Amino acid sequence: MTASAGGPSPPTAGDGTASGTGSALRFAFVVLYVADLPGTLAFYQDAFDLPARFVHPSGQYAELDAGTVTLAFTQDELSATALADLPGGYRLNRPDQPPPGLDLAFATDDVDAAWARAIDAGARVVTPVVVKPWGQRVGYLRDLNGVLVEIGTPLHDRADPPVQGGGR
């Protein structure tokens, strides 16, 4: 992704982990395109206690440390420049529109506390926390941009053996 003059250039996956370098490809970050970057940062920091990893001085790009994956945000104006040549364009994330076809999933053993904290930070309830047939407690919220956020218990006990075959 490139930016207009004076704007940031968000990082790319070309960090030596791509195929052909002898290293495995790894999922590094998710970037949400948002209308209000400062408000979005404050929401995710307040709701999920995610520390800032990087905030560009222009205020058009920022990253939060979400563990093994970085959660990043790009101001709509920068996204529009970076994605200007995208065939068919893209849909803006807006709270008054249907949510995008994805969710940001947060796992915790204390779903009730995380749920309350997210709502206090401004999240809107989509579906309340319920116990799924497979035993997971999970509920869905929408953030300030209308993006779906899932809060649930960890899906699998890490003591479970991994699934073999991988479906390929």
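Observations
- In order through the range 97-102: 3J(HN,Hα) via Karplus (6.51 cos²θ - 1.76 cosθ + 1.60), integer Hz, x for Gly, Pro: 10, x, x, x, x, 7
- With bins 5 Å wide beginning at 0, the percent of Cα pairs of the range 67-152 falling in each bin runs 3, 13, 20, 21, 18, 11, 8, 5, 2.
Every read-out reported here was derived from the displayed coordinates using simple, explicitly stated rules and does not represent laboratory data. Everything numeric in this text was worked out from a predicted model, so none of it was measured.
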